[in-house]
């Protein structure tokens with residue numbers, strides 16, 4: 001695996017992308033988006049994660065984050081591990097109409113990966129880009145907030161509930177973020 005997009009500076013500010021294998025539109029369901037929000041909230045309160053911007057799209061998540069404790073890779077690993085287990089568990093607990101198809105796709109991706117033996121939810125890449133200038137930070141925040149607009153879901157970025165654009169406009173939001 002290439003190391004071009006890895007977290008090298010454990011205390012650095014990073015733009016990350018978590019992608020669901022096969023670009024599956026799992027986050028089209030609120031129950032799965034809420035698992036992500038709860039995990040982010042827990043990590044902010046208990047693991048020293050600072051979240052400065054985020055958006056949850058149907059098949060991927062973008063974040064701008066930093067670790068107060070200098071272990072960003074560990075926190076990211078824990079978030080992905082926990083959310084994959086919770087989402088897979090929830091698929092079987094609720095009346096998920098796509099359950100059989102999802103299981104086939106997750107098993108297929110795990111079959112070709114040494115790290116997973118049964119099912120794989122996330123790709124292993126995080127597309128980590130360290131943000132070292134104010135211009136880079138502003139550009140990535142804009143990119144994150146414009147995702148739902150570009151997708152045609154909302155006209156204004158602050159209308160999308162699962163994005164930090166609401167925090168930036170001081171509207172009620174589903175996740176508290178840190179000030180950059």
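What follows is calculated from the coordinates using simple rules that are stated; it is not laboratory data. Since we're looking at a predicted model, the values are computed, not measured. Here the Cβ is made from the backbone with ideal geometry for all residues, glycine too, and neighbour counts use every protein chain on show.
List of remarks:
- Between 27, 168, 18, the Gaussian network model of the chain with springs among Cα atoms under 10 angstrom shows the greatest mean-square fluctuation at 168.
- Separation between Cα centres of the range 65-91 and the range 134-180, rounded to whole Å: 21 Å
- Ratio of Rg to Rh over the chain (Cα coordinates, Kirkwood Rh, two decimals): 0.95
- Note on residue 118 and residue 25: the model spin-label points, each 7 Å out from Cα along the C-beta direction, lie 2.9 nm apart.
- Shown is the FRET efficiency for residue 90 and residue 47, computed with R0 = 30 Å from the Cβ-Cβ distance and rounded to the nearest 0.05: 0.85.
- Mean Cβ count within 10 Å, highest first, over the residues of peptides 36-49, 87-100: 36-49, 87-100
- Relative exposure of 31, 20, 174, judged by other C-beta atoms within 10 Å (fewest first): 31, 174, 20
- In the elastic network of the chain, a GNM with C-alpha springs shorter than 10 Å, the most mobile of 29, 166, 115 is 115.
- Oblate is the label for the range 1-84, because a/c, from the alpha-carbon gyration tensor with a ≥ b ≥ c as root eigenvalues, is 1.5 or above and a/b does not exceed b/c.
- Residues 32, 82, 14 arranged by fewest to most Cβ contacts within 10 Å: 82, 32, 14
- Net length available on complete extension from residue 138 to residue 81 is 17.6 nm, with 0.36 nm assigned per residue and the Cα-Cα distance removed.
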